[in-house]
Structure formats: structure tokens, C-alpha cells
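Computed from the coordinates by the stated procedures, all read-outs in this text should not be read as laboratory data. Since the structure is predicted, the reported quantities are computational estimates derived from the model, not experimental observations. Neighbour counts run over all protein chains shown; Cβ positions are idealised from the backbone, glycine included.
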Amino acid sequence: MKLRQLLPLLHHREVLISRDRWSREALLDHQKQALQHLIEHAVNHSPYYRHLYGGRTDLPLEALPVITKKELMEHFDQVVTDTRLTRAELERHLQGDLKSPHLGTHQVCMTSGTSGLRGIFPFNEAEWLMVMASYARAYSWAGATPTLFRHIKMAVGSTTTRWHQSLQVGETAHSPFVPTLRLDVTDPLVENVVKLNPFQPDVLVAYSSMGRQLALEQQKHRLDIHPKVVMLASEVLTDSTRKLIEDTWGVTPFNVYGLTEGATVAAECPHHRLHVFEDLVIAEVVDEQNRPVPVGEVGSKVLLTVLFGRTLPLIRYEVTDRLVESEETCPCGMPYRTLRPIEGRKENPLRLQDRAGRWVEVHPNLFEDVLGPLPVGPWQVGVQGRVLHVHVSGDGVPDVQRQAVQHRLQKALQQLGLDQQVQVHFGREVKRGLSGKPMGNLVGP
């Protein structure tokens, strides 16, 4: 990272951290003003929002229409506020090497398309600084902040796909203060182990599924590292994976909830409560009809408003993640509301027909309850007719245990009135997409 980028980033990080000491009233006042400025900017500079809101800037947030990724991409050239940016131009840019910002000013990221549609998101220099600062705040909460006199060796296990936000953030932040080893989760596990052993990271940042795989490799004595901080993101962090990492390295992993559209949306504080970055985003937990759900209940989706976004304003943007707002008060004293562990995406559950022909939703937890306690890596479920094929990454599992797992899964499905057959397959690595996330009808860490 160049000095002209480092100094503003450090300033932005300190600004964000200073807000951690705000009162709840000060936070909400900031949020109200930031929202008003965002709406005014969108109406004045985006033809799409001007038409959508009828030119009005005085409507409350809950009265504003919801925008989906499909609508955003279809009307991209009318939503964007910089007339130099078009969807066609950005798509061409994304096909290049991405070693420099578009037009020298805009970082361009793309979503992996796990929900069925890819989104393109440009960030100008000011916005990108805020994206970087949001990551820096999460690292600070986890105790992974370098100084001039304390360098931190960091290993990042995610993807080396250049359009992915995590890679671009890592390349922007690269500095001698944070020597970084980047690992691609699509590479063979043995290759990543060979790279990690001599590097000896102080901090391990990874997809949850990769964190689980590495912990298992450590227990099998093929990996020998001793991270002081472990941060997991991009996938659901299950209780079994959290416990596995605690047992393996003696540290509790920090969960980070990030979105390409809005950078870090929430992160765990030192007390391991997941706090929403409410000074940067508004995350409305709603049901299928976009109505707020009570605290403690699972939402069907999130309506995301990115308060610092100006290039591609996102106001009540639909994200199909299932969140639960917590009623607990965190002892850290920060003003941000908290979430319970992330439930996953609305697209994740399987829908299977029961004996009467009715559709039944099968949540990933049914499989996680059975597979989570086992010393195995990620798993995937594929459907072929009336047979569910459960592919589990792991070796050395005796056949008697495979049969026991198969029986327990079959019984759990029967309790839902489902008569599909279950076949469990141990051994192979799970299939991953371009972003490195597991692919399949149903996946789990």
C-alpha cells in the first residue's frame, strides 16, 4: 500500500473506532443524517432513483420501495451516478487482469452468483477507503491490528479470483507491516498445508469451511501452525466448527459477516457478539412481504442500505440472507445492535416432496446436526430423483460409521414425512465455484 493510501486509511479506521464509543442516541442521529444525504444524492444524480421516488427526498425509509439485484442489474446504467460508468464497460473491465482501478479511480467487484445472479459493484476512491476501513475495524475488534513496531503475519484462505472483493482489499492493503500469504480454497488442501507450515501466520482469515479443514489437518499432525487470531467469513459459522477451532488452537474464532455490496456488515467484538456496523449500513430484517420481523425471530431476507455509497446507491436493496436480531445486551458497551449467528441464505434449504406430494423445506441444520460432530470437512447434498447423495470431504471414515450417518439422516427425513433414500459418500473434495465457495443443492461447512 502506498503512503498516500495508508494515511487516509488509518484516519478512516480511527474515525470508525471512535464511533464505537458513541451513545445509541448519537449513532441513530448520525444514521438519520447519513440516510438523508444518501437519498438526496440518489434522487439528484440517479435517473432511476429520481423516477422511483417521484423526485421526493422526504419519504421515511420504510416507505421507500425495495430494489432487487435483478432490477439493479437491468437498470444499472440509470442507477449509477457517474455517467462514465456503464454495465457494458464494467463487464469488459472485469474480463481484464484488474491490476489497476477502472479509469484509474474505481475498484470494481462482482458477486459470485450463489443466489443465481451476479452483481457488479463499482467503488470510487472515497468509498473504497470506507470499505477498507470497515475491514480494519473488524480486525481491530479481533486484536489483529499491526503497528510500526508490531508486524502481523496474516494468512488468508479464500479465493484468488481477481473480481472478488476480498482479493482486491488484500492487494490494496498489502504492506510490509502485514506480510500476507494468500491461499486459494480451490487448490488441493495438501498444497495449502505445505505453504502454511513455513509461513507460520499470526492471524488466520478464511472461509468457514476452509478454517474447519485446516483445523482437522492440524489435529492429524499434517499442519503445524499456531495462530493467535482466527477470523472466519463468507459462509455460515456453525457451532461445531467454532468448537473444533477452539479445541485445535485454543482460540475462539471471530465471525465476520461481509457483503460485496456493503463491505463488512457485521463483526464480532471481543465478547464474540456479532454487531451490525450501523454507522455504515442499515440492515432491516424482514419477512417475505418486506415487513419487519420481531426481535428474536428469523427473517426471510435483509433490506440493505449502504450509507456511504454514492457511485451505485443501494437503498433497501434485497439480500436473501436469513438473519435474527438479538435481544441480548453486549457487555462491550458499543452502541450497535447485535445479531444471532447467521442462518444462511434463503436459497440454501432444499425443497422436497413428501409422500402426499406436498413440498417440505429441509434446512441445512438437519444435516449439520448429524455431520457437524464428525471429524470431516465441508459437505454437499445433491438430489437425483428420489435419492439424496450426501458428499462429505474427509478420509479414514469406517464403513460402519458411514452406515450410521446414513441411518440417522434417513430417520431425520422420515420425521419430516419424507421417504427419499440417502446415500452418504466420504472422501472426495467438495466442488467449489469461482469464488471458492462450495457449490451444490445444499452445502455446509
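Per-residue 3J(HN,Hα) values for the stretch 8-18, derived from phi via the Karplus relation 6.51 cos²θ - 1.76 cosθ + 1.60 with θ = phi - 60°, read x, 5, 4, 5, 5, 4, 5, 4, 5, 5, 5 Hz in sequence order (x marks Gly and Pro). With neighbours defined as other Cβ atoms within 10 Å of a residue's Cβ, the residues Thr252, Thr159 order from fewest to most as Thr252, Thr159. Between amide H atoms placed 1.01 Å from N, distances below 5 Å from Phe426 occur with Val392, all of them 5 or more places distant or on a separate chain.
The simple spin-label model puts a point 7 Å past each Cα toward its Cβ; for Glu91 and Cys332 those points are separated by 4.1 nm.
When peptides 412-418, 350-356 are ranked by their average number of other Cβ atoms within 10 Å per residue, the highest-first order is 412-418, 350-356. For Asp287, nonlocal amide neighbours, meaning residues 5 or more places apart or on other chains whose placed amide H falls under 5 Å from its own, are Val293, Ser300. To the nearest 10 degrees, how steep is helix 189-199 against the longest Cα principal axis of the chain, on a 0 to 90 scale? Orientation of helix 189-199: about 60 degrees from the principal axis. Ordering Arg273, Arg340, Arg19, Arg92 from the fewest to the most neighbouring beta carbons within 10 Å gives Arg92, Arg340, Arg19, Arg273.
Here the residues Leu366, Leu61, ranked from fewest to most Cβ neighbours within 10 Å of their Cβ, fall in the order Leu61, Leu366.
As an exercise, use a Förster radius of 45 Å and the Cβ-Cβ distance of Asp187 and Arg386 to find the FRET efficiency, rounded to the nearest 0.05. Calculated transfer efficiency: 0.80.
Dipole of the stretch 261-364 computed with +1 at Lys/Arg Cβ and -1 at Asp/Glu Cβ about the Cα centre; of Ile282, Ala263, Leu352, farthest Cα towards the positive end is Leu352. Only the Cβ atoms of Lys and Arg (+1) and of Asp and Glu (-1) were treated as charged; on that basis the dipole of the stretch 82-205 about its Cα centre amounts to roughly 120 debye. If Lys and Arg each add +1 and Asp and Glu each add -1, what is the summed charge of the other residues whose beta carbon sits under 10 Å from the beta carbon of Ala283? Once positives and negatives cancel, what remains is -3. With a threshold of 30 Å on the Cα-Cα distance, the over-threshold entries among Lys69/Lys99; Lys195/Lys411; Lys32/Lys228 are Lys195/Lys411; Lys32/Lys228. Near Lys99, within a Cβ-to-Cβ distance under 12 Å, what is the net charge of the other residues, with Lys and Arg +1 and Asp and Glu -1? With Lys, Arg at +1 and Asp, Glu at -1, the neighbours total -1. Give me the net charge of Gln78's neighbourhood, meaning all other residues with Cβ under 14 Å from the Cβ of Gln78; Lys, Arg count +1, Asp, Glu -1. Every neighbour counted, the sum reads -2.
Coupling constants for the stretch 38-43 follow from the phi torsions by the Karplus curve (6.51 cos²θ - 1.76 cosθ + 1.60, θ = phi - 60°), and in residue order they are 5, 4, 4, 4, 4, 5 Hz; glycine and proline get x. When the helices of the chain are scored as -39500 (n - 2.57) per DSSP H run of n ≥ 4 and the total is divided over every residue, the value at 222 nm lands at -10000 deg cm²/dmol.
For Gly119, the amide hydrogen comes within under 5 Å of the amide hydrogens of Thr111, Gly113, counting only partners 5 or more places away or on other chains and with H modelled in the peptide plane. Between the beta carbons of Glu71 and Glu171, assuming R0 = 45 Å, the FRET efficiency works out to 0.90 to the nearest 0.05. Applying 1/(1 + (r/R0)^6) with R0 = 45 Å to the Cβ-Cβ distance of Arg162 and Asp419 gives a FRET efficiency near 0.45.
The distance separating the Cα centre of the stretch 177-229 from that of the stretch 50-117 comes to 35 Å. Sorting the segments 291-304, 95-108, 308-321 by their residues' average number of neighbouring beta-carbon atoms within 10 angstrom, most packed first, yields 308-321, 291-304, 95-108.
Can you find, among Leu371, Gly96, Val66, the residue farthest towards the positive end of the dipole of the chain? Put +1 on the C-beta of Lys and Arg, -1 on that of Asp and Glu. Of the listed residues, the answer is Gly96.
Among Ile342, Ile120, Ile152, the residue with the largest mean-square fluctuation in a Gaussian network model of the chain, with springs joining Cα atoms closer than 10 Å, is Ile152.
Taken along the Cα-to-beta-carbon direction at a fixed 7 Å, the label points for Ala356 and Glu125 span 6.5 nm.
Highest GNM mean-square fluctuation among Thr68, Thr338, Thr305, for the chain modelled with Cα contacts below 10 Å: Thr68. The mean sequence distance of close C-alpha pairs (under 8 Å, at least 6 residues apart), as a share of the length of the chain, puts its relative contact order at 14 percent. Counting only Cβ charges, +1 for Lys and Arg and -1 for Asp and Glu, the dipole size of the chain around its Cα centre is about 640 debye.
Sequentially through the stretch 246-255, phi angles give Karplus couplings (6.51, -1.76, 1.60; θ = phi - 60°) of 4, 5, 7, 10, x, 10, 8, x, 9, 8 Hz, Gly and Pro residues having no value and appearing as x.
With respect to the chain, whose longest principal axis is taken over its alpha-carbon atoms, helix 125-141 is tilted by about 50°.
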